[in-house]
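Right, one structure below, let's go through it.
The values are calculated or read from the model by the stated rules, or taken from the named source; none is laboratory data. Quick caveat, the model's predicted, so the values are computed rather than measured. Neighbour counts run over all protein chains shown; Cβ positions are idealised from the backbone, glycine included. Calculation scope for accessible area: heavy atoms of the full protein, side chains included, ligands and nucleic acids excluded. Shrake-Rupley method; radii C 1.70, N 1.55, O 1.52, S 1.80 Å.
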Amino acid sequence: MNDTLSPPHPISTHALPDGRLRPLLGASTPMARPRLMLPESVQQGPCTVVSVVAPAGQGKTTLMAQWMTELRQRACACAWLTLDDSDNDPARFLRHLIAALQRSGIHAGDATLAHLSDTLASQFRSVTESLAVDLASSPQRLMLMLDDVHLLHEEAVLDIVDWLLHYAPSQIQITLGSRDELPWRLGSLRVRGLLHEVDQQQLQFTEQEARSLCRQHLRLSDEDLHQLLHRTEGNPTALELACVILKGHASDAHQVSRLITQFANSNEAVILELCRHLLQHQSPTWRELVMSLSMLTRFDAELAREVSPRHHGGHLLTHLQGIRAFLIPTDGSGHSCRIHELPRACFKAHFLTLAPQEAHEVLIKAAQWSWRTGATEEAMGYALEAQAWELATPWLAQCMQDIAQRRGELQLALNWMNRIPPEWLDRFPQIRIDYAFALSFFPQKPEVATQLRALQAIRQRLAQSPQPDERTIDQIDCAMAFQRVLSLGLTDQGHPARHAAKDWLTRWPHAPALQRGIVGNVLCFGYKTTGELDEGLQMAHVARLWLEQDHAWYGLAWNASLEAVLHLKRGHYPQARSACLRGLQTIEQHMGGHRTHASVHHVLLAALDYEADELASAQRHMDHSLDSLAQYGGADILIVGWLTRARLRFAQHDLEGGLNVLHEGRTLALRRGLPRVLLALVAETCVQLSRAGRHTEARTLARSQGLDNFPHEVNEQPDNPYQDLLGGIQADRAQRVAARLLLPLKPAEVMQDLVKPIARCAQRGLIHQQIELLIIQAMAAQASHHKPEARQAMSQALELAAPQAHIRIFRDDEAALRPLLTGCKQDALTPEAQALWQKLMKPASADRTSSGTGGADRSDRADQQDTLTAHGLTRRELAILQRLASGLSNKEIAEAIFISEGTLKWHLHNIYGKLGSKNRSGALAQARAIGAIP
C-alpha cells in the first residue's frame with residue numbers, strides 16, 4: 001500500500017540454489033567404502049527408510065552420495081535435498097521438496113505448488129495430500145535423500161516428513177542424514193524390518209580406510225597411522241585435515257610423528273586444533289581470505305573479491321578448491337562454493353575473536369552485495385547476523401509482501417521479524433501491516449493478536465506526536481479494520497461482519513482491488529446471514545470484478561462458492577450449479593486443481609445433485625470433498641456437506657447410518673464452536689426422527705435447541721450488528737421442525753400456522769424453504785381432512801419446484817406424499833409441473849446411489865480424480881482397499897490418506913455396498929475375486 005517503499009530492484013522470486021539439490025562434496029573423488037554399501041534389503045528388498053546419524057564431519061553426505069550413485073546404476077531415480085534452517089517454514093520446505101522430486105524426473109507437485117501460492121497455504125495437511133496423490137500415481141521407484149534433517153524443528157514440517165516415512169507409496173524410499181537423534185517415531189518401521197540404520201561407530205574409518213586416505217597425501221609408518229587414527233577417533237574430516245597439515249612436513253618423518261602426538265584426543269577439539277595449526281602455518285594473505293570467507297554461507301569469486309578486495313580471490317579459490325576438507329562446490333559449474341561446516345565454524349570463531357570489527361565489516365559488505373544482486377534472503381541473513389538494523393529493517397519492509405503474502409512463507413517472515421528489535425520495526429509500520437494482511441485468514445493464530453497490539457501502539461504514538469503522520473495512521477487503521485472484517489467472517493459472525501465490511505468499503509473505497517474484493521466477499525457472507533440475498537448477489541458481482549483486476553484466483557474461487565450458496569439458499573439451483581462450475585474452472589486453470597478449495601464446490605454440487613435426485617453423481621462429489629470437509633470447511637459448507645452426506649444414507653434406507661453421520665457432524669460443530677452448524681444438524685436429526693415415527697426422541701432433541709415451539713414471528717434485524725448470532729435462523733429452523741412435531745397431534749393448527757411463514761418465504765424469494773413449508777402444510781391439510789387445501793398446497797409446491805429441479809424434497813417424504821400426488825389434478829398444472837409429477841409418480845430406483853451417470857454429464861466433468869474404475873470403485877476406494885490388504889488399522893489408513901476415521905467409515909460403507917460384503921475380510925475376498933486388487 002505504501003508506494004514509497006518499493007524496492008530499488010525487482011524482488012527476485014525464490015530460486016533454490018543448485019547445491020541444495022545435489023550432494024555437496026569436495027573436488028576430489030570420494031574414497032570407496034565397500035563395507036558401507038547399501039544392503040540388498042534396501043536396493044531390492046522391502047526396506048523403505050534409511051537413517052544415517054552421526055556428528056558433523058563423519059562422512060554422512062559422502063556416504064549418501066555414494067549410495068545415490070549405486071542406486072542410479074540400478075535405474076532407481078534419486079532425489080536429493082540438503083536442508084537448512086529456513087526449511088522450517090512448511091511452504092518453503094514443500095517447494096524445495098517438490099523441486100528435488102522434479103529434478104529427479106518424478107512428475108509430482110505441480111498442484112501442490114499452486115496451493116502454496118495463496119494466503120491459505122498453511123493448510124499443509126491438505127497440500128501434502130495433493131503431493132501424496134501425485135507420488136502414488138508414479139510407478140517409478142524413487143530414493144528421496146534428505147540431508148541435515150537435524151535442522152528441522154517446526155511441527156508442521158516434522159509432520160510432513162513423518163507422513164512420508166510411514167505412509168509414502170511403497171515405491172518411495174527415504175534416506176535421512178542427521179547429526180542428532182531423529183525426532184520421528186521409527187519403532188514400528190524397525191520392528192517390521194523396514195528401517196536400515198547407520199551410526200557414528202559404523203562411519204568411523206577403519207585402519208585400512210585411513211591408510212588409503214593418507215596415501216593420497218603422504219606415506220605414514222604403521223605406528224604413526226595407528227596413532228593418528230587413535231587421536232582423530234576415525235573422524236574422516238579430522239583425518240583429512242591432519243593429512244593436509246602433515247603433507248607439508250612429509251620429508252621429515254620425526255616432525256610428522258611429533259605433530260601427530262600434539263593433536264588433541266576428541267573429535268571437536270582435534271578439529272579445532274588442526275584448524276588453528278593451519279592458520280598459523282599459512283601465509284597472511286591465505287589466512288585473511290579464509291577467515292573472511294568463513295563468514296559467508298556461500299560465495300563465488302566476485303563476492304570473495306567484494307569482502308576481501310586486497311586479495312586476488314580467483315587464484316586463491318582455485319588453490320583451495322583442491323582441498324576437499326575446505327571448499328565444497330555449491331553449483332554444478334564449481335563457480336560457487338562454501339567452506340566445509342566444521343573448518344568454517346573454527347575459522348569463523350577465530351576471526352570473531354581476533355578481529356570482530358573486520359568480521360562485522362565482511363558481513364555488511366556481503367549483505368549489501370547480495371541485496372544489489374537480488375539475493376534477498378542471503379542479504380537479510382547477513383544483515384541480521386551483523387545486527388545491521390539500519391539495513392535489515394527497510395529491506396524487510398520492501399520484501400515482506402513478497403515473502404509473506406505472495407509466497408506464503410509466514411514462518412520465515414516471522415523469524416526475521418523476531419530478530420529485529422521492536423523499536424526498529426516500529427519505524428517501518430508497513431512490515432507489520434503486510435504481515436498482518438498475510439495472517440488475515442488465520443484469526444486464531446497468536447501472532448495475529450501480537451501484531452495488532454504492536455500496530456495499535458504505533459498508531460497511538462504517531463497520533464500523539466506534534467505532527468502526526470496521517471497517511472501511516474490511515475494505513476494502520478485500514479490494516480486493523482481489514483483484519484477485524486476477516487476475523488468476523490472466518491469465525492461465522494455474519495451480522496457484525498456485514499456491518500464491519502460495509503464500513504470498511506465506505507471508508508477505504510480506493511484500497512487495493514484485492515483487499516476490496518476480499519472484504520466484498522465477507523460482505524456477501526454477511527448479507528447471506530441476514531437474509532438480504534439480492535444485496536448479497538449484487539455484492540458478489542462487484543467483488544468478482546475487483547478480484548479479477550488483481551487475478552486473485554483464490555478470492556475468485558471463494559467468490560464463486562459464496563454466490564452458489566446465495567443461490568442455493570434461495571433455491572435457484574441452476575444458477576448455483578453455474579457458479580460452482582465457474583469456481584471449479586478457476587481452480588483447475590489457475591490453482592492447479594487445489595483440492596481443498598475444489599472440495600468446497602464439490603460439496604455444493606453434491607447437494608445440488610441430491611436435490612435433483614441424481615444420487616450417484618451426488619455421492620461421487622461427496623466422496624471427492626470428504627477428505628477436506630471436516631478440517632477446513634466453513635460453517636455453510638459444513639452444514640451443506642453433513643446434511644448431504646446424511647441424506648444419502650437416508651436415501652439408501654440406512655436410518656441409523658444417517659443418524660450417525662449427523663451425530664458426527666454435531667460433535668464436530670461442538671468441538672469447533674459453530675452453533676449455527678449444530679442447530680442445522682439438530683434440526684435435520686429431528687426431521688428424520690419424525691419421519692421414522694420416533695417422535696419422543698425428536699421432541700427431546702428439539703427442546704435442547706429451542707426448536708420444539710412454533711415461533712409465530714421471526715424477529716430479524718439486519719441493521720443491528722449486535723443481533724444474536726442465530727437470530728432469525730433459529731426461528732426459521734424452529735418453524736419447520738416444530739411443524740413436523742405438531743403434525744401428528746394438531747394438524748389443523750399446523751396448517752394455519754404455516755400461512756404467514758409461507759407468505760414470508762414467497763415475499764423474500766426463498767423457493768426451497770417455501771416448497772418445504774407447502775409440503776408440510778399439504779400433509780397437515782390432508783391429515784385434518786381439508787383435501788382441497790391439501791391439493792392446492794401440493795400444486796403450488798410442484799409449480800415452484802419444477803423450474804428449479806427440486807425433486808428430492810418430495811422424494812424424502814414419498815410415503816406421506818403419495819396420496820397427495822395421486823389426488824393432484826394434472827390438467828391444472830403447467831407442463832413443467834406435470835413432468836415433475838410424472839417423475840415423482842414413478843417408484844424411486846433402488847440402486848440410485850451406486851450406479852448410473854445421472855448429473856455427471858452436467859456437473860462432474862471437472863472431476864477426473866475419482867472416476868469409476870472398471871470394477872465400479874473409485875480410485876480413492878481402490879487405494880483404501882489396497883491399504884486394507886496391507887493390514888493397516890482404520891486409524892493408520894485414515895492417517896495415511898489424510899482423513900478422519902469417521903470419513904474412512906463412510907468410504908468403507910460405500911465399498912462394502914458396492915462389493916456386496918459386510919466386513920473388511922469379505923470386501924477383500926470379493927475385491928480379489930473380481931481382480932480389483934492383487
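Here are a few things to note about the model shown:
- Residue-normalised accessible area of segment 746-841, given per residue in Å² at a 1.4 Å probe: 43
- Cβ-based charge dipole, the chain, positive-most Cα from Leu547, Thr175, Leu615: Leu615
- For Lys918, the lysines whose Cα comes closer than 25 Å to its Cα, not counting residues fewer than 8 places off in the same chain, are Lys891, Lys905.
- Nearby lysines by direct alpha-carbon distance to Lys746 (threshold 24 angstrom, same-chain neighbours under 8 apart not counted): Lys756, Lys787
- Value of relative contact order over segment 746-841, rounded to a whole percent, pairs C-alpha under 8 Å and six or more apart: 26
- Mean Cα-pair separation over length for the chain, i.e. relative contact order, pairs under 8 Å, 6 or more apart, %: 9
- Mean projected area in nm² (Cα convex hull; one quarter of hull surface) for segment 324-457: 10.1
- DSSP H segments from the chain that extend 27 Å or more along their own axis, Cα-based, with Kyte-Doolittle mean of -0.5 or above: 446-464, 470-490
- The accessible area of Arg461, taken with all protein chains in place and a 1.4 Å probe, comes to roughly 120 Å².
- Normalised per residue, the accessible area of segment 50-119 is 27 Å², obtained with a 1.4 Å probe and no contribution from ligands, DNA or RNA.
- Protein accessible area in the chain, 1.4 Å probe - carbon and sulfur %: 51
- Taking the Cα centre of the chain as origin and assigning +1 to Lys and Arg Cβ atoms and -1 to Asp and Glu Cβ atoms, the resulting dipole is close to 1760 debye.
- All distinct Cα pairs of segment 207-281 go into the 1/r average, and the inverse of that average, the Kirkwood radius, is 11.9 Å.
- Isotropic mean projected area of the C-alpha convex hull, segment 875-930 (nm²): 3.4
- Listed by chain and number, the lysines placed with their C-alpha closer than 20 angstrom to that of Lys348 are Lys365; residues fewer than eight positions away on the same chain are left out.
- What segment 343-437 shows is 37 Å² of accessible area per residue, with the surface traced by a 1.4 Å probe over protein heavy atoms.
- Treating r as the C-beta distance of Gln456 and Arg419 and R0 as 25 Å, the FRET efficiency rounds to 0.65.
- Convex hull of Cα atoms in segment 746-841, direction-averaged projection (nm²): 5.5
- Cβ charges +1 (Lys, Arg) and -1 (Asp, Glu), total dipole of segment 587-666, debye: 180
- Using every pair of distinct Cα positions in the chain, the Kirkwood expression returns a hydrodynamic radius of 31.9 angstrom.
- Computed on the Cα atoms alone, the convex hull of segment 26-86 gives a volume of 129 cubic angstrom per residue.
- Positive-end residue, the chain charge dipole about Cα centroid, Cβ charges, pick of Thr353, Leu566, Asn415: Leu566
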